[in-house]
Amino acid sequence: APAPTALDVKGIWSGYGQITVLRDVDLSVPTGAFVAVLGPNGAGKTTLLKTIAGLIQPSQGTISLGEKDVTKLRPHARRRENLCYIPEGRGIFRSMTVRENLRLQSTSSDIGEVVDLATEAFPVLGKRLRQTAGTLSGGEQQMLAMAQAYIERPAMLLVDEASLGLAPRIVDTIFEFLVSVNKRGTAVLLVDQFIEQALSMATCAYLLSRGEIVRSGDPSELAGDDVLGHYLGHT
Ligand code: ATP
């Protein structure tokens, strides 16, 4: 049987050198769940995802994937524990072709199969295989970055601001894709500025402010909560 939680973050303190950003953060993503992290600019959302992905080492606390403590593991070792991280800005190799990017993203050595899966996820990529990734449209670049979540079927997917700078129609495509990936069994932890859409997809939401979790719970409860409006500057 799968572990009850895909991700467990306990008592995390993290930041950059002398700068502490995250203060005693607890967060957990049940297996197969869809969790949204909301919060104002500078709250520490990106820092949280980077810490979970292993790009920043926390000064205190533990991070577990499934039942495994990965706190001391390097990013590539966390990947092997079925974690997939799609950073803000997409993290693709702009000077390489779409095909080369897909090969580098994937742990499979069967590039034909990888290309087939990527094209199944986003048909437009099939027409762009020889194109340099940096010359793709913003939406296509995001699809290229997202394809790995379909190819790898990770247990845990971290997505940072996937909708940034995209046209509304493309944002819908990306969000529908995330919902379908989640339905196939991947737990999702999403940071996004489209708060209402993020809450509508999520099974649970956390509100981060100044590096601390100030609220968490059912998205519909949070959506109607004055605290959310207060922190996100909507009131
Ligand atoms: P946004 O929604 O604006 O992207 P965020 O919630 O993702 O914000 P972070 O990017 O995690 O916030 O930043 C949290 C705090 O850490 C901010 O005060 C930011 O200035 C600081 N910070 C981010 N990156 C670094 C860095 N490399 N060195 C020092 N401080 C940093």
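The values are calculated or read from the model by the stated rules, or taken from the named source; none is laboratory data. Given the structure is predicted, the values throughout are model-derived calculations rather than measurements. Cβ sites come from the backbone with ideal geometry, for glycine too, and all protein chains shown count toward neighbours. Ligands, DNA and RNA are excluded from the accessible area calculation, which covers all protein heavy atoms including side chains. Shrake-Rupley method; radii C 1.70, N 1.55, O 1.52, S 1.80 Å.
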If you go through the stretch 146-168 one residue at a time, do you hit one that is under 17 Å from residue 101 (Cα atoms), open to solvent by less than 40 Å² (accessible area, probe 1.4 Å) and of a type in the set (Gly, Ala, Ser)? yes
Among the residues in the stretch 16-24, are any more than 13 Å from the ligand (Cβ to nearest atom) and open to solvent by 40 Å² or more (accessible area, probe 1.4 Å)? yes
Can you find a residue in the stretch 44-59 that is modelled with pLDDT under 95, under 14 Å from the mean Cα position of the chain (by Cα) and either of a type in the set (Lys, Arg) or over 23 Å from residue 202 (Cβ atoms) (or both)? no
Taking only the stretch 29-64 into account, find how many residues are more than 9 Å from the ligand (Cβ to nearest atom) and buried (at least 23 other Cβ atoms within 10 Å of the Cβ). 8
Find the residue count for the stretch 178-195, including only residues that are part of a helix (DSSP H, G or I) and closer than 8 Å to residue 33 by Cα. 1
Restricting the stretch 201-221 to residues that are part of a helix (DSSP H, G or I) and under 20 Å from residue 158 (Cβ atoms), the residue that is least open to solvent (accessible area, probe 1.4 Å): 219
Would a scan of the stretch 178-195 turn up a residue that is open to solvent by less than 10 Å² (accessible area, probe 1.4 Å), modelled with pLDDT of 95 or more and of a type outside the set (A, V, I, L, M)? yes
So, residue 198, is that one within 16 Å of the ligand (Cβ to nearest atom) and open to solvent by less than 20 Å² (accessible area, probe 1.4 Å) or not? yes
Subset of the stretch 74-106 that is surrounded by 13 or more Cβ atoms within 10 Å (Cβ to Cβ) and among the polar types (S, T, N, Q) - its residue that is farthest from the ligand (Cβ to nearest atom): 97
What strands (runs of 3 or more DSSP E) completely inside the stretch 1-112 contain at least 1 residues that are without any contact (Cβ under 8 Å) to a residue 24 or more places away in the chain and in contact with a strand residue (DSSP E or B) (Cβ under 8 Å, 6 or more places away or on another chain)? 19-30
